[in-house]
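One structure is given here, and the rest of the page talks about it.
The values are calculated or read from the model by the stated rules, or taken from the named source; none is laboratory data. Only a predicted model underlies this, so the values are computations on that prediction, with no experimental measurement involved. Counting neighbours? That spans all protein chains shown, and the Cβs are built from the backbone with ideal geometry, glycine included.
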Amino acid sequence: QAWQEQVPTLAYDRVMAVQAAERLVLARRIRRALDREEFELHYQPIQRLSDGRIVALEALLRWRQGEGYVPPDLFIPLAEASGLIVPIGRWTLEQAARAHVRLAERGLGDVAIAVNVSPVQLLADDVLEAIGELRERYSVPRGALHVELTESVLMRRPQVARMRMLELRVAGVRISIDDFGTGFSSMAYLRNLPLDYVKIDRAFVREVHIDQRNASICRALISLARGLDLGTIAEGVESAEELAWLRANGCDQAQGYHIGRPVPLEQVIGLIQAAA
Ligand code: C2E
Ligand code: CA
Ligand code: CA
Ligand code: CA
């Protein structure tokens with residue numbers, strides 16, 4: 001009887017050991033990727049629905065591997081667990097500031113750059129200092145840098161997170177709550193935190209013009225955000241029908257493959273200039 005219980009335990013331990021080893025290898029590869037400059041940012045346009053203009057670009061991390069890219073969902077969790085997200089995040093913020101300089105040089109200085117900031121990074125001590133320094137070094141104007149935060153950060157250390165957010169706001173950074181509606185107790189966050197935008201998760205935008213449940217959720221979120229004086233950004237817009245519905249129902253901004261996929265900066269600049 002005793003050994004019967006031990007067999008699965010042993011097998012389980014072995015699995016865990018392998019995973020730990022793999023995790024270590026991956027963490028080492030991530031660190032090397034940073035040194036070898038294998039990361040790059042792609043930029044996805046965010047459109048203002050009232051006039052169709054591109055008002056912001058979301059910076060999305062890419063890890064180049066030969067001809068292809070490792071998707072961020074595969075390595076960001078590990079980068080967070082190992083703390084490597086802090087140097088990666090610092091690099092990302094600097095790239096974003098430089099991207100804004102390039103936009104400004106092309107007469108597109110009023111297009112903002114939105115950066116995803118991981119909970120680990122927000123809670124690390126130097127994020128504010130880093131942003132202040134970058135803003136100064138690259139003369140990034142107020143409002144040109146947006147930070148996207150998910151609810152998980154706000155749940156773990158609500159007081160620290162709130163302080164950081166207030167400080168970011170003072171430093172001229174706008175704040176969006178990302179993937180809204182997929183976490184917990186979202187209402188309290190909307191009420192208590194210094195936020196500028198709510199990003200409606202792709203799950204609720206899908207087929208919103210025909211899916212009655214999604215339509216109800218989107219309508220409610222748009223109305224809620226408006227009541228709290230927050231802007232709304234719909235994510236994952238994949239069709240003209242979804243876009244038209246969102247515009248008709250008072251959503252402020254939209255992002256998705258229908259408007260533009262994440263691409264290198266030069267390419268998205270071309271797209272903005274062609275549309276203007
Ligand atoms: P996210 O912040 O929710 O980013 C949106 C994701 O949806 C991106 O995936 C984007 O490529 C994808 N997307 C955009 N439009 C559409 C659409 O119309 N249809 C569909 N099906 N997908 C669309 P991506 O680039 O693979 O990024 C995945 C996640 O990785 C991001 O989700 C974000 O949480 C994280 N991430 C990406 N870059 C960074 C970064 O620099 N730092 C941190 N901490 N996280 C990042
Ligand atoms: Ca995001
Ligand atoms: Ca999102
Ligand atoms: Ca997401």
Near pairs, Cβ below 6 angstrom, 6+ apart or cross-chain, from the range 208-219 (under 12 Å from Leu243 (Cα atoms)) to any residue that is among the polar types (S, T, N, Q) and in a helix (DSSP H, G or I): Val208/Asn214
Lone qualifier among Ala225, Ala234 - being within 16 Å of ligand 3 (Cβ to nearest atom), more than 17 Å from the chain's Cα centre (by Cα), of a type outside the set (Val, Ile, Thr) and surrounded by 14 or more Cβ atoms within 10 Å (Cβ to Cβ): Ala225
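Taking the range 190-220 only, how many residues are within 16 Å of ligand 2 (Cβ to nearest atom) and buried (at least 16 other Cβ atoms within 10 Å of the Cβ)?
Selection size over the range 190-220: 10.
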Residue list for the range 23-65, restricted to those being surrounded by fewer than 21 Cβ atoms within 10 Å (Cβ to Cβ), within 16 Å of ligand 2 (Cβ to nearest atom) and under 15 Å from Asp110 (Cβ atoms): Val55
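Identify, please: which residue in the range 122-151 is in contact with a Leu (Cβ under 9 Å, 6 or more places away or on another chain) and assigned to a helix (DSSP H, G or I) and is, among those, nearest to Phe75 (Cα to Cα)? Quick ask: steps written out before the conclusion?
Residues of the range 122-151 that are in contact with a Leu (Cβ under 9 Å, 6 or more places away or on another chain), as a first pass: 122, 127-128, 130-131, 134-135, 140, 144-145, 147, 149.
Those still in the list that are assigned to a helix (DSSP H, G or I) too: 122, 127-128, 130-131, 134-135.
Values: Leu122: 18, Val127: 21, Leu128: 24, Ala130: 23, Ile131: 24, Leu134: 25, Arg135: 28 Å.
Of everything passing the filter in the range 122-151, Leu122 is nearest to Phe75 (Cα to Cα).
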Residues satisfying the stated conditions in the range 225-248, i.e. within 15 Å of Asp196 (Cβ to Cβ), touching a Leu at 6+ places or on another chain (Cβ under 8 Å) and assigned to a helix (DSSP H, G or I): Ala225
Unique match (being within 16 Å of ligand 4 (Cβ to nearest atom) and either out of contact with any Pro (no Cβ under 9 Å at 6 or more places or on another chain) or among the basic types (Lys, Arg) (or both)) among Gly270, Gly236: Gly236
Complete set of residues in the range 198-220 that are away from ligand 4 (no atom under 16 Å from the Cβ) and either touching a Pro at 6+ places or on another chain (Cβ under 9 Å) or not in a loop (DSSP other than H, G, I, E, B) (or both): Gln212, Arg213, Asn214, Ala215, Ser216, Ile217, Cys218, Arg219, Ala220
Residue list for the range 101-120, restricted to those being more than 20 Å from Tyr197 (Cα to Cα), part of a helix (DSSP H, G or I) and of a type outside the set (Val, Ile, Thr): Arg102, Leu103, Ala104, Glu105
Any hit, the range 104-111, residues being under 19 Å from Val170 (Cβ atoms), out of contact with any helix residue (DSSP H, G or I) (no Cβ under 8 Å at 6 or more places or on another chain) and touching a residue at least 24 places away in the same chain (Cβ under 8 Å): no
The listed residue being within 20 Å of Ile46 (Cβ to Cβ) and within 15 Å of the chain's Cα centre (by Cα), out of Val140, Val153, Val147, Val101: Val147
Residue that is nearest to ligand 3 (Cβ to nearest atom), among those in the range 124-160 that are closer than 18 Å to Leu230 by Cβ and at pLDDT below 90: Thr150
Candidate set from the range 130-178 (those that are within 20 Å of Leu190 (Cα to Cα) and acidic (Asp, Glu)); member that is surrounded by the most Cβ atoms within 10 Å (Cβ to Cβ): Asp178
